[in-house]
Every structure is written in structure tokens, then in C-alpha cells.
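Chemist: For reference, the structure I am asking about is given below.
Coordinate-derived values only; no laboratory data. Here the structure is a predicted model, which means the values were calculated and not measured. Quick reminder, even Gly has a Cβ in these numbers, built from the backbone with ideal geometry, and neighbours come from all protein chains shown.
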Amino acid sequence: MIFEDNNFLPFLLTFVPALIYAFIVFVPFPKNSISLRISFLYFLMGSIAVTAVTAFQWILPGWRFTLDNFLTGLVVTAFIQVALLEEGMKLLFYRLTAMYRGRRPMPHAIMFYSMSISAGFAVVENMMYAWRFGPDVLWIRAYSAIILHMLAGLIMGYFISLGVYKKKLRHLFMTIGLAAAVFIHGLYDFNVMVSYQEYAIGNGEIAFIATGLGVNMLWILAPGVIVAILMYKHLNKLREKRRIYLPSSK
């Protein structure tokens, strides 16, 4: 029957971890500084950004070129072909959403909404991975890739937030934010890719053999969490110093 064979649990795993992490981030933010309705809008735009990435790769298939050297090829793939494209697309959709709203959110809200874009991106990417590799991959991504995407969003949002205080440098801060997000995202992807190298088997199948070069994810995600916390605290200090109080209208 229709309900006997279902994917309800995998479906929950695609987005519930992201909601839990978002709630953990939301709790310490100043009261009335974040609109959940607007957060959901950014979340939806982030989910659309995944389609934009796929469309970009379809229109320009040469973007995913390969290099003969194993390590150099992985650096290019991880930091440029994947991280730069995905984080750049997130930034684009953040800007489009902000332009649609017609107003720039206050600093704390910018940081949270940037994270919301990344959360939406991660959720739809989860669905794509589950469809391609099976639902078991969602358990791993729940404590790895989802956190990575949301951290990248928080870090990018922090630098965009600095542009509120120094408007003349807002484009520079935005560029730095993109670069920082690409760095942590690329480092994560490089770690995943460098741990395994493809080897062709006689029957034409591909085997992934561990190279032993990878780094434990904890050494990437844990410092990222610490950096995001320090950035949040710095925004609090700037808010108090400049006497900028967040309005109830997000």
C-alpha cells in the first residue's frame, strides 16, 4: 500500500537537524531582533539557491574541469568549483531577498538571516544526497554538512553586518565575508575529498580508497563554532558602543 513503504523518517532528517541548530542559535539573540517570518523567507530563498547552482553547472559544464595532479585538483574542486560557487550563490540570493524587502536588517538580524539562507540550502541539498546515495547519508550530514553550511552563513553574515557600522566599507566587508565562508566550506570539502581517491576497478566500477590524508571534521567545525560565537559577541559590543538598539520590526 501507499504508506507501507515510505521515506517519512529520512524526510524528517533532511530538515529537523537544521531547525534544531537554528533554534540553538536563535535563543541568545536579542529579544525582538529576529523575525521568524522573514527568517522563513530567507530559508526558502536558500532552498532555491541549490537549483541555481545545479542550473549553473548544467549551463557551464566546463566549470567542473579536472586536473591531473591529485592534490591540486582537489584544491580547485573544493575551494573554487564547489565552495565558491555555492557560497557565492547564497550571497547572491541573500542580496536578492534583501533588495526585495527594500530595507537592510540590523546587524544581528543580518547574521541570522544569512544563516537561514544556508540552512535552506543545506536542507534541499540533503534531499538531493538522500535521493542519490540513500537515506543513511543523512545521519552523517546531520552533524557535519548541515553545521558546516550554517556556520558559513553565520560567518558571512557577520562581515555583512559590519557594513552597517562602516557603510563606506560595506562592499569590502561583503567580499571578506564571502572569502571567509568559501575558506571554511572549501576546507571542509577538501578534507572530505582528500580522504578518498577514486580508483577504477576491472569491471568498470569506481572504488574509493582512503589515502590517509584527511583531517577529522571536529578540527574544522569546532573552531568554526568558536569563531561564530566570538563574532556574535563582537556584534554585541559594537551594538552597545554605538548605542544601536534593534527595533521590534526586525
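Chemist: Measure nothing fancy, just the Cα-based angle from helix 85-101's long axis to the longest principal axis of the chain, in degrees from 0 to 90, nearest 10.
Modeler: Approximately 30 degrees, to the nearest ten.
Chemist: If you line up the long axis of helix 170-194 against the longest principal axis of the chain, both from Cα atoms, how many degrees apart are they, to the nearest 10?
Modeler: 30
Chemist: Using θ = phi - 60° and the Karplus form 6.51 cos²θ - 1.76 cosθ + 1.60, what ³J(HN,Hα) does each residue of the range 14-26 get, whole Hz, x for Gly and Pro?
Modeler: For the range 14-26, the Karplus curve yields 5, 10, 4, x, 5, 5, 5, 5, 5, 5, 4, 6, 5 Hz.
Chemist: So which chymotrypsin sites (Phe, Trp or Tyr not before Pro) in the range 28-96 end up in coil per DSSP with only 11 or fewer other C-beta atoms within 10 Å?
Modeler: Sites meeting the loop and neighbour criteria: 65.
Chemist: If we count every other residue with Cβ under 13 angstrom of residue 132's Cβ, Lys/Arg +1 and Asp/Glu -1, where does the sum land?
Modeler: Its environment carries a net charge of -1.
Chemist: With the contact rule set at Cα under 8 Å and sequence spacing of 6 or more, what percent relative contact order holds for the chain?
Modeler: 25
Chemist: A follow-up question, please. Below 20 Å, Cα to Cα, which lysines can residue 233 reach? Residues fewer than 8 away in the same chain don't count.
Modeler: 31, 166, 241, 250
Chemist: Relative to the longest principal axis of the chain, what angle (0 to 90°, nearest 10) does the C-alpha long axis of helix 218-242 take?
Modeler: Helix 218-242 and the main axis of the chain meet at about 10 degrees.
Chemist: So which trypsin sites (Lys or Arg not before Pro) in the range 129-186 pass both tests, a DSSP loop state and at most 15 other Cβ atoms within 10 Å of the Cβ?
Modeler: Sites meeting the loop and neighbour criteria: 166.
Chemist: In deg cm²/dmol, rounded to 500, what helix-only [θ] at 222 nm does the chain give when every DSSP H run of at least 4 residues adds -39500 (n - 2.57) and the total is split over its residues?
Modeler: Only helices count here, giving -23500 deg cm²/dmol.
Chemist: Which of 135, 61, 223 moves the most in a Gaussian network model of the chain with Cα springs under 10 Å?
Modeler: Taking springs between Cα atoms under 10 Å, the residue moving most is 61.
Chemist: Right, next: Where the Cα atoms of the chain are projected onto their three principal axes, how long is each span, largest first, in whole Å?
Modeler: If we take the Cα atoms of the chain, the spans are 68, 51, 35 Å.
Chemist: Just to confirm the filter: which trypsin sites (Lys or Arg not before Pro) across the range 45-117 are DSSP coil and have at most 11 other Cβ within 10 angstrom of their Cβ?
Modeler: Listed in order of number, the matching sites are 103.
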